[in-house]
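Scroll down for the structure; my scribbles are underneath it.
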Amino acid sequence: MVAQSTTFSAFSATLKRDLLIAFKRRNDLMNPLMFFFIVVTLFPIGITPEREGLREIAVGVLWVSALLASLLSMDNLYRSDYEDGSLEQLLLTPHPLYFMVLAKVISHWLVSGLPLVLLSPILGYVLALPAEAYWTMIVTLLMGTPVLSLLGSIGVALTVSLGSRGLILAMIILPMSVPVLIAGTLAVDQALAGGAVAGHLAIMGAMLAAALSLAPLASAAALRISVS
Amino acid sequence: MVAQSTTFSAFSATLKRDLLIAFKRRNDLMNPLMFFFIVVTLFPIGITPEREGLREIAVGVLWVSALLASLLSMDNLYRSDYEDGSLEQLLLTPHPLYFMVLAKVISHWLVSGLPLVLLSPILGYVLALPAEAYWTMIVTLLMGTPVLSLLGSIGVALTVSLGSRGLILAMIILPMSVPVLIAGTLAVDQALAGGAVAGHLAIMGAMLAAALSLAPLASAAALRISVS
Amino acid sequence: MPATPSTSDSPAANSTPLLAARNLICERDDRVLFAGLDLELRSGEVVQLKGSNGSGKTTLLRILCGLNDSFSGEIQWQGRPIKGHSDAYLSNLLYIGHHVGVNKVLTPVENLRWSCALHEIATDVDILQALDRIGLRGYEESRCMTLSAGQKQRVSLARLLISPARLWILDEPFTTLDVNGVKLLETLLADHVENSGAALVTTHHNLSVAHHLRVLNLDTHVPDETILQPEGGW
Amino acid sequence: MPATPSTSDSPAANSTPLLAARNLICERDDRVLFAGLDLELRSGEVVQLKGSNGSGKTTLLRILCGLNDSFSGEIQWQGRPIKGHSDAYLSNLLYIGHHVGVNKVLTPVENLRWSCALHEIATDVDILQALDRIGLRGYEESRCMTLSAGQKQRVSLARLLISPARLWILDEPFTTLDVNGVKLLETLLADHVENSGAALVTTHHNLSVAHHLRVLNLDTHVPDETILQPEGGW
Amino acid sequence: MAWLWFSKLGSPKWFYELSGKWLPWLAAAMVAVLSVGVVWGLLFMPPDYQQGFTTRILTIHVAVASMSLAFFPLMAVAGTITLVWKMKLADMVVKTAAPLGAWFSALTLASGSIWGSVMWGTWWEWDGRLTSMLFQFFLLISVISLRSALNDNEAAAKACAVLSIVGCINVVVIKYSVDWWETLHQPASSLSMNTGSVNGPEFWVPTALMMLGMYLFLAVALILSIRNEILERERRAQWVQDLARVA
Ligand code: HEM
Ligand SMILES: Nc1ncnc2c1ncn2[C@@H]1O[C@H](COP(=O)(O)OP(=O)(O)OP(=O)(O)O)[C@@H](O)[C@H]1O
Ligand SMILES: Nc1ncnc2c1ncn2[C@@H]1O[C@H](COP(=O)(O)OP(=O)(O)OP(=O)(O)O)[C@@H](O)[C@H]1O
Ligand SMILES: [Mg+2]
Ligand SMILES: [Mg+2]
């Protein structure tokens, strides 16, 4: 007689699986990076190649691109699972859905969010971001991108059963992620102005904590709805 | 005995069908607009709310957002057809595939590209775009967005059989559409500088012509590959 | 024919049923699928759910699994309503639907590792044995997108060999299976109910699992108001 | 059993076959599916393609339709290779695969309007009659995503009633059909071949379309080197 | 007992009849209050010494604006009830409130930017409150299109419930946006009734009247559209059939 699995083993199995899938689709590991890179580079082309001009917009461009990159990458968080029926299996697990969703989001962030954070310094340099802003930028991105992923997961969960999603998804996610954008950019601007950023970081920390605790619940509920 | 359909009737049937689908998914008609709007609004938030600052980046922001909007909306050009098997049926038509693809792209542009062009003046205003640039912007967008859709269709066709597309798509399309972006922004900048824009418009016209004649062929080929 | 199949012939008529549904009512788009449907499933039974296309088989199964709650009525697992005590129920439930839940880029082994881990602890040895028995020998390591329709189906069916669940709910599991596949699955069903399991299966071909079998036909059960009228105004 | 089924019993043995495939070879992931496969299909014949899961039925059908060109060998339509003269072939071909090609948000009518217009001119009257006959009366105007599996299947099968195509290639068309559905489809097949059509059908249950039927079994055809070895190094 | 009343409140029929009784009174009150407010606010309110007659638009603006902030909380509460107790009526509130909210947000934007065109000499500024209001507008649109996109009513109801609960984040943003950004927009504090200096009673009384009128308007509009929704959904129910026969 086989024993029942623990919640933790289910959690880690889900985490492993999603990482494995992402890894098998090699390009998934590259794409968010590439996209981030491309979008960022669009601006010097579209707006202004002068370093002075760039310096002005660097922070904003970085954050907006990060936002869009994570938005685009959200799309396949639940979709393939929904289509091949894996999602039903996920919902039928006896373990709390909170952790399963969390596992999926975490693995998604590891694949799409983290690389982006790691790349940001290079792009900061390309966009002539003043040196003193680097650390703040990295830290804020490090705290901000998980929030984006978590908020995103709600949107995706709500819309996964819709035929056409790309856009309604954007409409749901973007407004919600604006606070993150604001907090992030403000913090970096502060750092540029030489001010103290602790306050802003605290705000972002609070956001992250809230998102971590609530977003998976909302997503779980949304998933149940979409599948039924 | 039923008679065989003409290429034209097949063409128009496909056009009608895609428009119908888009219309049934009401939000598809709104979304590209909304997305365009939202993305545009991200920049003032992220970068600078002052009108002077905005004026500098207005053109670039508009074009980049247009690019991203059409990119996001591309996603469901062939996807659902691929998944439900309609694409196989499309490939098995005795009529030249060129026209079928063309029909799909046209309807897609009508639904996602055109509204975007019509909205652009408003966004031009909120981004404090100087009055003299309006006409050039509209015309360039009017010529540019179809090119984006056409180029996009190639990318989508290539990647339709892949599980995760949002991003690999972006990587294929964005680089290809950079020329459009450049031509468009240059033209508008010219207009701002009070110069003659005929040259730039000619270039964009050439791009459009080329795309119209070649892109559907490429997409058709790509579709065959993806389906087999 | 009565709504509840007469349970006289079932092995343990007097014991409390594993799964019991009382007075289920479900309508989709104000079309009544079934009303006042009662269903009892005791250990040692296979209930085959029959009915014409669109009679509501899949809907019923999904309702029983708790995947779909647009219904009224009560569902009990071993006498306790599943609402409150879902995990006791879910850890004994194995559902395989129209969509088999097999990821395309993963190999059969990797797929099973996950879908098993959601419920029970299964070693790779178990999984490989299961795949072997289900007839996927040699395909353990090839991506599922390269498998044929029937092979995909088999991947999901392999879970039947691993899971300790007592209740199987299978939605047209015989689709795309070849003759051997069908035989194999039937023996699996027989074995399962032999050792005090129970199974609820929808299929259009007539099952041959000897004396355990009971048939519930949804068609003989549809109330009158669902005689269909053309909707569109043509 | 010979590779090419003996055509002695077929109505028009001496006429040139509608569809002829010579010496087809196909391997997927260096696994030979079939080699040196010959196939002849004459008007008035139904050929049932049998074979265990993964034996290559779907692949073969897709090859014959020209949807899949990872093969070697020659395929002829009425004596002319289909490569050059594809549209003559395609306008006489009707293929329904595992994925039925029914859009979820459209209604059955709208779906058929399009999929018919790709080949022939069909009026709404034809379409509605077809839907009626195929047993979707009352569902003409409801979005296909709300249809059951079997009903979706029926939507695609409705094309059989409209299309003038002489060659039908159907991949497991009986899946998810209820008993009446199966009967209906079998009569459709019979009628089709009656008036000089031809059909190539894969299915695991044994067709009952009287004397026209011929069976081609892919299993009896697999060359030896494909005895399967476990690939993964476990 | 209380529970019984609660479930009764959930029943559309009951609500339909009750609201039928209330409606005339509410409507009358609304007309009265609004007309007084408008006349006073637009015609008799003394011109502000610095802001001139344009202050009068502001009475409308402030009323509409503060009103449109009420929608997401409302929908969130109703949504929670939908999710927890599966109460039909609550879902109807969510459904009918969304378009209303969209209109009001649009009105706020419009009135605001009209005022802006006078005060700031521009129709639009990238000001925190304005922008976040714009996003509320978007969110409401997406609530609407989400419902239209989901074909299954049950699912649509719950999905929209979740979305409107989550969407409340944005209301918080709107509230504090003025403090987060260094911003053109009036801090909401200037709304506080007791600031005697500029905004004396002759300013805030009409404003208050306007607000009251707006809330009455909201009530009336909601009830009306909910009644429609009820008839729509219960069209097969016996009592609706009877109504139809009577009419
Ligand atoms: C949540 C939304 C909003 C609220 C609660 C709100 C509320 C207010 C309040 C309380 C005032 C100050 C009235 C006074 O002077 O005592 C005000 C003024 C004003 N509002 Fe809004 N408003 C909102 C949105 C908007 C929008 C969307 C716009 C423009 C598109 C706008 C434009 C203005 C302008 C131009 C003023 C005058 C500012 C000044 O006197 O310098 N408001 N609003
Ligand atoms: N895209 C692919 N790439 C590589 N191999 C494939 C691919 N598709 C199918 N195969 C292999 O070809 C073989 C035959 O597949 P096919 O779908 O034709 O089988 P089938 O006869 O239709 O089986 P079933 O009865 O289950 O439908 C399978 O063993 C599968 O492994
Ligand atoms: N999401 C939905 N919304 C509205 N109606 C639905 C939905 N899903 C199914 N239905 C309706 O419910 C009825 C039963 O569907 P169901 O899938 O349960 O039938 P079924 O018995 O499984 O048929 P099949 O044998 O073809 O699988 C169908 O008539 C269909 O129209
Ligand atoms: Mg079914
Ligand atoms: Mg097959």
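Only the coordinates and a few stated rules stand behind these numbers; no lab work does. Nothing here was measured: the structure is a model prediction, and the numbers come from that model. As a convention, Cβ positions derive from the backbone with ideal geometry for all residues, glycine included, and neighbour counts pool all protein chains shown.
What ratio of Cα Rg to 2.2 N^0.38 Å holds for chain C? List each step's numbers first, then the result.
On the way: Rg = 18.3 Å, N = 234, 2.2 N^0.38 = 17.5 Å.
The reported ratio for this selection is 1.05.
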What is the residue of chain C with the smallest Cβ distance to the axis taking C onto D, and what is that distance in whole Å? C:THR175, 2
Mind listing the label-point distances from B:GLY199 to the same position on all other copies, shortest first, one decimal in nm, points 7 Å along Cα→Cβ? 5.1
Nearest 0.05, what FRET efficiency do E:VAL246 and A:TYR98 give at R0 = 56 Å with Cβ-Cβ as r? 0.60
Which angle from 0 to 90°, rounded to the nearest 10, does the C-alpha axis of helix C:149-162 make with the longest principal axis of chain C? 90
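So what is the relative contact order of chain B, in percent, for Cα pairs below 8 Å that sit 6 or more residues apart?
Details: 255 pairs, mean separation 61.8, N = 228.
About 27 percent, as a whole number.
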Which whole-Hz ³J(HN,Hα) couplings does the stretch B:86-91 yield from phi under the Karplus relation 6.51 cos²θ - 1.76 cosθ + 1.60, θ = phi - 60°, glycine and proline marked x? 4, 4, 4, 4, 4, 5
Hey, got the average number of other protein chain Cβ atoms within 10 angstrom for residues in C:81-91? 2
Shape descriptor, the protein assembly as shown: equivalent ellipsoid semi-axes (Cα gyration tensor, sqrt 5λ, whole Å, largest first) stand at 53, 37, 30
Quick one: Karplus J couplings for the stretch E:83-89, per residue in order, coefficients 6.51, -1.76, 1.60, θ = phi - 60°, nearest Hz, x for Gly and Pro? 5, 7, 9, 6, 7, 3, 4
Please give, to one decimal in nm, the separation of the simple spin-label points placed at D:SER196 and C:ILE121, each 7 Å out from Cα toward the Cβ. 7.1
In peptide D:134-142, what is the residue-averaged number of other protein chain Cβ atoms found within 10 Å of each Cβ? 4
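Rg over Rh of chain B, using C-alpha atoms and the Kirkwood radius, what does it come to?
1.01
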Calculate for the protein assembly as shown the 222 nm mean residue ellipticity that helices alone would give, adding -39,500 (n - 2.57) per DSSP H run of length 4 or more and normalising by residue count, nearest 500 deg cm²/dmol. -19500 deg cm²/dmol
Which whole number gives the average, over all residues in B:146-156, of C-beta atoms from other chains lying within 10 Å of the residue C-beta? 0
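Between B:LEU162 and E:ALA32, what is the FRET efficiency for a Förster distance of 56 Å, r being their Cβ-Cβ separation, to the nearest 0.05? Don't skip to the answer; put the middle values down first.
On the way: r = 64 Å, r/R0 = 1.14.
Given R0 = 56 Å and the Cβ-Cβ separation, E is 0.30.
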On each of the three principal axes the extent of the alpha-carbon atoms of the stretch A:106-162, given in whole Å and largest first, is 45, 18, 16
If we restrict to alpha carbons, what Rg and Dmax does the stretch B:17-122 come to, in Å? 17.1, 58
Cut-off under 5 Å, modelled amide H: who pairs with D:ARG214 long-range: D:VAL46, D:VAL47, D:GLN48
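Could you state the orientation-averaged shadow area of the convex hull built on the Cα atoms of the stretch E:134-180, in nm² to one decimal?
Working: hull surface 12.3 nm².
For the Cα atoms of the stretch E:134-180, the hull's average projected area reads 3.1 nm².
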Quick check: the distance between the Cα centres of the stretch E:60-91 and the stretch B:172-228, to the nearest angstrom? 46
For A:THR7 and E:ALA70, extending 7 Å from Cα along the Cα-Cβ vector and measuring point to point gives, in nm, a value of 4.1
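Mean projection of the alpha-carbon convex hull of the stretch E:19-172 over all orientations, in nm²? Intermediate values should be presented prior to the final figure.
Details: hull surface 43.1 nm².
Dividing the Cα hull surface by four gives the mean projection, 10.8 nm².
Using the reciprocal of the averaged 1/r over all distinct C-alpha pairs, how large is the Kirkwood radius of the stretch D:26-102 in Å? Before the final figure, lay out the partial values.
Details: mean 1/r = 0.0719 Å⁻¹.
The Cα-based Kirkwood calculation yields 13.9 Å.
At a 10 angstrom cut-off on C-beta neighbours, averaged per residue, how do the peptides D:104-112, C:132-140 rank from highest to lowest?
In descending order of packing, they fall as D:104-112, C:132-140.
Taking a ≥ b ≥ c as the square roots of the Cα gyration tensor eigenvalues, with a/c under 1.5 meaning rounded and otherwise prolate when a/b beats b/c, else oblate, which class fits the stretch A:144-228? Mind showing how you got there, number by number?
Details: a/c = 5.23, a/b = 2.17, b/c = 2.41.
Taking the square roots of the gyration eigenvalues as a ≥ b ≥ c, the stretch A:144-228 is oblate.
Equivalent ellipsoid semi-axes for the stretch C:100-176, as square roots of 5 times the alpha carbon gyration tensor eigenvalues: give them largest first, rounded to whole Å. Provide the component values of the computation, followed by the final result.
Details: eigenvalues 59, 46, 24 Å².
Equivalent ellipsoid semi-axes, largest first: 17, 15, 11 Å.
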Residues whose modelled amide H sits under 5 Å from the amide H of D:PHE34, counting only those 5 or more places away in sequence or on another chain, are D:CYS26
Whole-Hz ³J(HN,Hα) from phi, Karplus 6.51 cos²θ - 1.76 cosθ + 1.60, for the stretch C:84-90, glycine and proline x: x, 9, 4, 5, 4, 6, 4
Report the calculated FRET efficiency for B:ALA210 and A:LYS24 (r = Cβ-Cβ distance, R0 = 35 Å), to the nearest 0.05. 0.40
Skipping prolines and chain starts, which residues have an amide H placed within reach, meaning under 5 Å, of the one on D:TYR95, given they are 5 or more residues away or on another chain? D:ILE169
Cα-Cα over 29 Å: which of D:LYS104/E:LYS95; A:LYS16/D:LYS152; C:LYS50/C:LYS104; E:LYS95/E:LYS175; B:LYS24/C:LYS83? A:LYS16/D:LYS152; C:LYS50/C:LYS104; B:LYS24/C:LYS83
